[in-house]
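Enquirer: Structure in structure tokens, see below.
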Amino acid sequence: MSKQRTVRLEAGRPNQVIYVLGTELNIDIYKPAPLGSQSFEVRSSPDVKCSISDLHNVIVEAEQAKRWAINNGTLLVVTMEKTSNYLNDNKVTIIFYGDKLDKPIDKIILQLTAIYISLDVDADRDGEVEKNNPNKGSWAWGPKGHGAVLLVNCDKDTPQTAESDRSDDTVYTFGDLQDMSPMILKTEGPNSLPSDYKLQLYISASDANKVQVFHHDLTQMTKVLGRTKLSAVMEYTKGNNEYQFFIEGLVFADEGYSNLVTINLSLLEPMVVGHAPIFTEHVVFHLAPWIMTPNTLAPQEVFVCSVKDNAKFLKEFTVVVEKAKCKLTVCTEDMNRKDRWIQDEIEFGYSEAPHKTFPVVLDSPRDRGLSIFPYKQLLGPDFGHVTRTTDLVSSLDSFGNLEVSPPVTVNGKEYPMGRIIIGSAFPTTSEGRNMAKVVRDFLNAQVVQPPIELFSDWLRVGHVDEFMTFVPAPDRKGFRLLLVSPDACCKLFTKLQQEGHGEAQMFESLNTKAFKINEILNNQKLLRDNAYVQRCIDWNRNVLKRELGLDEEDIIDIPVLFMVQEKSQKATAFFPDLVNMIVLGKYLGIPKPFGPLINGKCPLESAVCSALEPLGLECNFIDDFVSYHLKEGEVHCGSNVRRKPFAFKWWNMEM
């Protein structure tokens, strides 16, 4: 639809108008008509199209109208389709008649100079800026949608800044432009125009902290908009011109503001006092979200810490990583500062626009020994960083308490990028620990992976990775959900007892107290503890089935026992927690449970292998007992994985 512009004309004086292609000039005929006028006719240059509209919205092309009666509300609508060759090269003449139809009373001459102005972006999301896309001023989701995407420039391409590139107002290298979204301002027209016309770019105050706009000419980059600068005015230059701009996203979407950014353009006409806008258009960008990657995506790089007591663990862990053919990055002691829980400090994800994708690490508010690691070792060229901080930090703010499901469909609603999963206090209580609001708000605002909250506060550490994980599968939904099951463990031990193995001992090869199967099954407190734990798991099981659209066949129970501590009334794993594993394609790095040996084999390991190997998965059991389990963590807590992004593009989601 053409942009409307009202033009007021006067008889007896020259009327010169700059016309912008794509607009409609609406000219009131009634008000400027000379006294005694009863009718009029319109004549125009060949490149000018004129139509006449009355109060009843009856529209007739002017050359077909011949004479038209003058009434209040009669409008002349003028459009053009090509730019002018020179100033005032097109003309519209309005001739007024009174009683004598053969003798004009007066006439108005409108001289037109047609120019082309367009602010262009990649509105069709193919990675290239196209000319004057009709949908550039709005956003629509889906494969048939439209609207440009704005990356948050959260990597660090130059050593001049201590933080990410978005922290300052300068572009140090042209390579940094690849992290921004291009925008082109094109103008076309004759080489002679009236002086002092101007172009104005501007943003609203609500968008000021979301975006910066840089103008790139052949020699330099100049900031024109952003933060405290809401407007930039340039001289309108005659002839054909193209202005290159680059748009930098400053913030990810969050609670309290829209994830859309609007950039406006106006053509300003000189007046006796100041300037007035005679043409305005705008383009819309959607801030690219931060996206988590589930276990079903291919691993690219594995991270683990080296600390003084985990050499044996590292050796066994490295074997699994090498099987998966992944890059292994070991965070040394000078970087981790005795903090081994790298899963808790960070979560790997990515951000994507049609022209660029790069990994982005989400840094938790936990900020213990590993707090410098994301800044010192990860933040860099094409590796972004984002964080949320809070003064009141609990264990649930660590990112062992942050997972994401594989893609699912729930009651016909598709979640092609899965759903984020976090642990919280039980919904019916006002007490207990919850993940910090600033983190939950951030996760919700990303939109494409709507979060699910589970009950994890029954655990002493309180992380969802202590009772669940996802593994890839070749059938059904493409994955299985693994849930810890004290009930399955008790049934397994009861079966072993009935088969005469009640005196077999757990932890027999370790420098710690061993436990016979008979002792475990006769420990009434332990059994009561695990009946409670099973209730907590079952509550979460029902939530996950409902929110992820799962059937029982999509869930595998993994035998694990817990102990509820007397003082805190919170649970910890009795033996290494088998679901707290690392998933590297088909290779699984699983905490070695040190179960009772029956004919030289651990029945806990056998149960896990029997459940997972038919899915094409390889179970590798890693000794983390001293270096992680006794410190209330396991393999997953002490490792992290950067994964390949989704092939699916987030902007193609149906919302």
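Enquirer: N259 versus (1) surrounded by fewer than 16 Cβ atoms within 10 Å (Cβ to Cβ); (2) in contact with a helix residue (DSSP H, G or I) (Cβ under 8 Å, 6 or more places away or on another chain): which is the lone unmet condition?
Expert: Here N259 meets the rest and fails (1).
Enquirer: Considering the range 504-531 alone, what residues qualify as being over 18 Å from K592 (Cα atoms), in contact (Cβ under 8 Å) with a residue 40 or more places away in the chain and loosely packed, with under 15 Cβ neighbours inside 10 Å?
Expert: Within the range 504-531, just A531 meets the criteria.
Enquirer: Pairs please, first residue from the range 474-491 and closer than 26 Å to V404 by Cβ, second anywhere and in a loop (DSSP other than H, G, I, E, B) and hydroxyl-bearing (S, T, Y), Cβ atoms under 6 Å, 6+ apart in sequence or on different chains.
Expert: Close Cβ pairs (under 6 Å, with a partner that is in a loop (DSSP other than H, G, I, E, B) and hydroxyl-bearing (S, T, Y)) amount to F479/T296.
Enquirer: Here is a follow-up. Return the total of residues in the range 153-181 being hydrophobic (A, V, I, L, M, F, W, C), surrounded by 14 or more Cβ atoms within 10 Å (Cβ to Cβ) and outside any loop (DSSP other than H, G, I, E, B).
Expert: Count: 1.
Enquirer: Output yes when any residue across the range 561-574 is of a type in the set (V, I, T) and under 25 Å from R642 (Cα atoms), and no when none is.
Expert: Scanning the range 561-574, I find no residue that is of a type in the set (V, I, T) and under 25 Å from R642 (Cα atoms), so the answer is no.
Enquirer: Can you name the condition, by its number, that I598 falls short on among (1) touching a residue at least 12 places away in the same chain (Cβ under 8 Å); (2) closer than 28 Å to K315 by Cα; (3) surrounded by fewer than 19 Cβ atoms within 10 Å (Cβ to Cβ); (4) touching a strand residue (DSSP E or B) at 6+ places or on another chain (Cβ under 7 Å)?
Expert: Here I598 meets the rest and fails (4).
Enquirer: Starting from residues that are touching a Phe, Trp or Tyr at 6+ places or on another chain (Cβ under 8 Å) and among the polar types (S, T, N, Q), keep the ones in the range 208-234 and report whichever is nearest to C154 (Cα to Cα).
Expert: Among those that are touching a Phe, Trp or Tyr at 6+ places or on another chain (Cβ under 8 Å) and among the polar types (S, T, N, Q), it is T222.
Enquirer: Separate question: Looking at the range 410-439 only, could you name the residues that are assigned to a helix (DSSP H, G or I) and either surrounded by fewer than 19 Cβ atoms within 10 Å (Cβ to Cβ) or not assigned by TED's automatic domain parsing to the domain that holds S456 (or both)?
Expert: K437, V438
Enquirer: Same structure, new question: Go through the range 476-487 and report how many residues are closer than 18 Å to P559 by Cα and buried (at least 18 other Cβ atoms within 10 Å of the Cβ).
Expert: 7
Enquirer: Could you tell me whether any residue of the range 205-214 is of a type in the set (V, I, T), surrounded by 18 or more Cβ atoms within 10 Å (Cβ to Cβ), in contact (Cβ under 8 Å) with a residue 60 or more places away in the chain and closer than 25 Å to I278 by Cβ?
Expert: The answer is no, given that none of the residues of the range 205-214 is of a type in the set (V, I, T), surrounded by 18 or more Cβ atoms within 10 Å (Cβ to Cβ), in contact (Cβ under 8 Å) with a residue 60 or more places away in the chain and closer than 25 Å to I278 by Cβ.
Enquirer: Every residue in the range 231-252 that is farther than 19 Å from M183 by Cβ and at pLDDT 95 or above, please.
Expert: F252
Enquirer: Within the range 495-550, how many residues are over 30 Å from L454 (Cα atoms) and part of a helix (DSSP H, G or I)?
Expert: 11
Enquirer: Does S364 satisfy the criteria of being under 20 Å from E466 (Cβ atoms) and among the hydroxyl-bearing types (S, T, Y)?
Expert: yes
Enquirer: While we're looking at this one, here's another question. Report those strands (runs of 3 or more DSSP E) wholly inside the range 271-379 carrying at least 2 residues which are surrounded by fewer than 22 Cβ atoms within 10 Å (Cβ to Cβ) and of a type in the set (A, V, I, L, M, F, W, C).
Expert: 275-287, 327-331
Enquirer: Could I ask something else about it? Residue by residue through the range 555-584, note down the ones that are farther than 16 Å from K495 by Cβ, surrounded by 19 or more Cβ atoms within 10 Å (Cβ to Cβ) and of a type outside the set (A, V, I, L, M, F, W, C).
Expert: P576, D577, N580
The values are calculated or read from the model by the stated rules, or taken from the named source; none is laboratory data. Bear in mind that the values here come from a model prediction, so they are computed numbers and not experimental data. No Cβ is skipped: glycine too gets one built from the backbone with ideal geometry, and neighbour counts run over all protein chains shown.
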